[in-house]
Amino acid sequence: MTIRAFLTSALMTAAVCAQPAFAAPVTAGQVDQDFGRLSQEGLRAFADVDVARRAIIGKDQKIATDALADANQTLARASKDNRQFLKAENELHPAPAVPAGHPGKLPSSTAVADPVLWLPVLGQYVISSQAKQSPGQQQAIAEANDLMKKGNSGAAAEGLEKAGVDVQFVLAIAPQQVFTADVYRASVLFEGGKTDEAVAALTEAQESLRFVSEDNVLGTAAKKPASTQPAQ
């Protein structure tokens, strides 16, 4: 399997943290606006990291080498992305929860107050209320998230509307310098034959993510001022 095929697969594996609710329309324009907050280079780099980690564990040296090389090149380009933003971790607005199946954590209110450069690398819709959901609704949200990652905002919005649930957009942001350093360190370790240490470095990169939210329940509430919105 090629690196491109692996990347395509990785970009489609985001699971949905779900807890259903009430119907609310979501427009294609809203989907475009939310997806537009992501760094496309960051999204690709995050997928590369996942591909490389799984390839190293699976002893697929070629895939791992290609994914790590692509991740390093992509992160170099991402360093100039205008969607990066500077903010102390304790000023970030946490998401309701870390979506199921994802590495990373919520920002800490007790973190050191030094400014950090954040790169938005992943985004998805989660069901916003605590009411019981149906398997069909969960599947609809998962499919909408996949469509969003492919840039098909119209179909994603249609799927979200058909799901009949209130959704909230959750953004995963990586500390750009730490994430980049972890990926580079993994590359050096892997080239030196230290595969276990390379996997550990990539795991650290993945777990450095913070999940943040603007508290905007689409279709039912106005957006509140957001401390986490990247500059466009």
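Pick from ALA78, ALA100, ALA64, ALA88: which is over 13 Å from the mean Cα position of the chain (by Cα) and over 17 Å from ASP182 (Cβ atoms)?
The unique qualifying residue is ALA88.
Given the criteria under 18 Å from SER213 (Cα atoms), touching a His at 6+ places or on another chain (Cβ under 9 Å) and at pLDDT below 95, does LEU122 qualify? So LEU122 passes the test. For region 7-24, the criterion of being of a type in the set (S, T, N, Q), modelled with pLDDT under 85, open to solvent by 60 Å² or more (accessible area, probe 1.4 Å) and not in a loop (DSSP other than H, G, I, E, B) is satisfied by at least one residue. Selection within region 171-216: residues that are of a type in the set (S, T, N, Q) and in a helix (DSSP H, G or I). The member of this set that is most open to solvent (accessible area, probe 1.4 Å) is GLN177. Check whether at least one residue in region 27-48 is assigned to a helix (DSSP H, G or I), of a type in the set (Val, Ile, Thr) and at pLDDT 95 or above, and report yes or no. No, every residue in region 27-48 fails to be assigned to a helix (DSSP H, G or I), of a type in the set (Val, Ile, Thr) and at pLDDT 95 or above. Residues of region 83-102 that are modelled with pLDDT of 90 or more, touching a Leu at 6+ places or on another chain (Cβ under 8 Å) and open to solvent by 40 Å² or more (accessible area, probe 1.4 Å): ARG83, LEU86, PRO94. Out of all the residues in region 104-124, is one or more assigned to a loop (DSSP other than H, G, I, E, B) and closer than 24 Å to SER187 by Cβ? Yes, that holds for at least one residue.
Among the residues of region 128-135, are any assigned to a loop (DSSP other than H, G, I, E, B), of a type in the set (A, V, I, L, M, F, W, C) and touching a residue at least 24 places away in the same chain (Cβ under 8 Å)?
Yes, the conditions are met somewhere in region 128-135.
Given the criteria at pLDDT 95 or above, touching a Gly at 6+ places or on another chain (Cβ under 9 Å) and either within 16 Å of GLY123 (Cα to Cα) or crowded, with 17+ Cβ neighbours inside 10 Å (or both), does ALA64 qualify?
It is true that ALA64 is at pLDDT 95 or above, touching a Gly at 6+ places or on another chain (Cβ under 9 Å) and either within 16 Å of GLY123 (Cα to Cα) or crowded, with 17+ Cβ neighbours inside 10 Å (or both).
Only a single item in (1) crowded, with 18+ Cβ neighbours inside 10 Å; (2) not in a loop (DSSP other than H, G, I, E, B) is not met by VAL165, and it is number (2).
Pairing residues of region 183-198 that are hydroxyl-bearing (Ser, Thr, Tyr) with residues that are open to solvent by 90 Å² or more (accessible area, probe 1.4 Å), at Cβ distances under 9 Å and at least 6 apart in sequence or on separate chains, gives THR195/ILE57; THR195/LYS59.
The values are calculated or read from the model by the stated rules, or taken from the named source; none is laboratory data. Since we're looking at a predicted model, the values are computed, not measured. No Cβ is skipped: glycine too gets one built from the backbone with ideal geometry, and neighbour counts run over all protein chains shown. To get the accessible areas, we keep the full protein, side chains included, count just its heavy atoms, and leave off ligands, DNA and RNA. Shrake-Rupley method; radii C 1.70, N 1.55, O 1.52, S 1.80 Å.
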